[in-house]
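Quick one: this structure, given as structure tokens, is what I'll be asking you about.
Derivation of every value follows stated rules applied to the coordinates shown; laboratory data play no part. Keep in mind it's a predicted model, so treat the numbers as computed, not measured. Here the Cβ is made from the backbone with ideal geometry for all residues, glycine too, and neighbour counts use every protein chain on show.
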Amino acid sequence: LLHARRPTPGPRRAYQAPDRRPGRRVPNVLTGKRILLVVTGGIAAYKAAELVRVLQRHNATVRVALTAAATRFVTPLTFEALSGQPVATELFAPGEESQINHIQLAREADCLVVAPATANFLAKLSWGLADDLPSTVALACRAPLVLAPAMNVAMLEHPATQDNLRRLAARPGVVLVSPAAGELACGEIGAGRLAPLEEIAEAVLVATSPKDLDGLRLLVTAGPTEEPVDAVRYLSNRSSGRMGYALARVAHRRGAQVVLVSGPVLLPRPPGVTVVDVRTARELQAALDQHAPAADALIMAAAVADLRPATTAPGKLRKAALGDSLPLAPNPDLLAELGERGVPPLRIGFAAETEPGLEAGLAKLAAKGCQLLALNRVDLPDRGFGVDDNEVILLDRQGVVARLPLASKERIAAGILDQLARRWRELPAAPAGADHE
Ligand code: PMT
């Protein structure tokens, strides 16, 4: 994806999907979405070129509009080559306006992204000024708006900019991606750097996702547990946390309030999600006891160790002291215990299996008292543990609810959340402010 494509020759066209390298697995969550990226005139404008790529990796079709100031930092040709689309720059350019009509641009966009957004452009958006093509498109656009400000720290902290940011953030459909702190192009240190591009892409996903889980309080568990033998050794498993993190990310995008209880993993924290770190099964149990009563639903994607060493040595055991057997003690079955108490009211378990067939999954569904169970294989190299993809059969007491074929874990998460959304809507409403006990 790093090579630059030549601008598309021939007649100018409306949005067109960019070429995709065959066989590349991407979350595909922006498939069919048309993003209009407005680049305004700041030094971070060069980063917007890579943002085009990041959005394309999510399968979005990206069109770009540049302010006149932006063209002093980056050229339209760069964006034309990257996006494979004509780039809009001027409102009254001969020929251009008839071919890239600003109203058309505004209408076609599923999401308008301004990155970097300068203090000047934010002020124009805040007050509804429309004196160039990008600001005119922004005013004419009904799609959600993602703003990624980047500027000098003093400009950012100026009360005028802060007022504008507050006004914009309060507007429905606006998602603000806070600038990062660090060394700025002007040499000063402080807030004002363009947010990391993946954060901007995540904001686009939040802005463009349906909000069918708005109001849902969701508890998700993810990752392995580690059961210490001594100060340096532990028992664990191959869970990477990817499945649970995908569930948390996608649920947040769809409007849920998510608490993610995470075993030790090497994944970035999903933005907008409250993360509770745990190590052992008993720490996970304590976190569930704390958060489950206030949740509407639980998804147990964590791979909880069924057994732990019967004792844990505080220091490192000498090799001679290890012996040739390790006495073990059972861990509590966390999902089954919550199932017995009926807390929270909706519970989805996972079953990690190494053989085909539904029997083991149906048995776990009953034993753990959950309404849905996601049956997945963990013995195949392209799904399950540690990879980006999965395949799941969703079961309830009646049998198969849905088959979610091999796809990215985000896609699988979306399929599981569709079923959860349906069942949640059918739940009798709890009295206002009541916890589920
Ligand atoms: O993390 P990844 O690398 O993305 O991999 C994802 C995954 C394969 C770990 C995930 O999709 C998955 O299958 N998670 C559940 C793993 C597991 O513990 O399965 P199980 O069949 O042993 O347990 C059944 C259910 O009981 C699970 O929901 C589990 O969280 C729960 N359980 C298990 C043991 C225990 N002591 N307490 C529990 O609550």
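Quick one: if you stick a label point 7 Å off each Cα along the C-beta vector at W127 and L328, how many nm between them?
7.0 nm
Based on the Cβ-Cβ distance from A363 to R53, what FRET efficiency comes out when R0 is 45 Å, to the nearest 0.05?
Once rounded, the FRET efficiency stands at 0.45.
OK, next. Note down the nm distance, to one decimal, between modelled labels 7 Å out along Cα→Cβ at Q398 and at K316.
Each label point is offset 7 Å from its Cα along the Cβ direction, giving 5.8 nm.
Using just the helices of the chain, give the 222 nm mean residue ellipticity in deg cm²/dmol: DSSP H runs with n ≥ 4 each add -39,500 (n - 2.57), and the total is spread over all residues, rounded to 500.
Working: 16 runs with 143 residues, N = 437.
That comes out to -9000 deg cm²/dmol.
Determine the gain in length on full extension of the stretch S178-L91; use 0.36 nm per residue of separation and subtract their C-alpha separation, reporting nm with one decimal.
Values: separation 87, 0.36 × 87 = 31.32 nm, distance 2.94 nm.
Taking 0.36 nm per residue and subtracting the Cα distance, the gain is 28.4 nm.
Could I ask something else about it? Which distance in nm do the two modelled labels at R269 and R171 give, with both placed 7 Å along the Cα-to-Cβ direction?
3.0 nm
Would you work out which of F385, L30, T208 lies farthest towards the positive end of the dipole of the chain? Charges go on Cβ: Lys and Arg +1, Asp and Glu -1.
Most positive-ward Cα: L30.
In what sequence, highest mean first, do 294-302, 260-268, 317-325 appear when ranked by Cβ atoms within 10 angstrom?
The packing order, highest mean first, is 294-302, 260-268, 317-325.
A further question on this structure: Can you tell me which of Q257, Q85, Q290 moves the most in a GNM of the chain? Springs connect C-alpha atoms under 10 Å apart.
Ranking Q257, Q85, Q290 by mean-square fluctuation puts Q290 first.
Here's something else I'd like to know. For the chain, give the magnitude of the charge dipole about the Cα centre (Cβ charges: +1 Lys/Arg, -1 Asp/Glu; no others), in debye to the nearest 20. All intermediate terms of the calculation are to be shown ahead of the outcome.
On the way: 50 positive and 45 negative charges, 158 e Å.
Taking the Cα centre of the chain as origin, the dipole is about 760 debye.
If each residue's Cβ is checked for other Cβ atoms within 10 Å, how do R377, R166, R63 rank with the fewest at the top? Mind dumping the intermediate values first?
On the way: R377 19, R166 11, R63 24.
So the ranking, lowest neighbour count to highest, is R166, R377, R63.
Kirkwood Rh, Cα Rg: Rg to Rh for the chain?
Details: Rg = 25.1 Å, Rh = 24.1 Å.
Result: Rg/Rh = 1.04.
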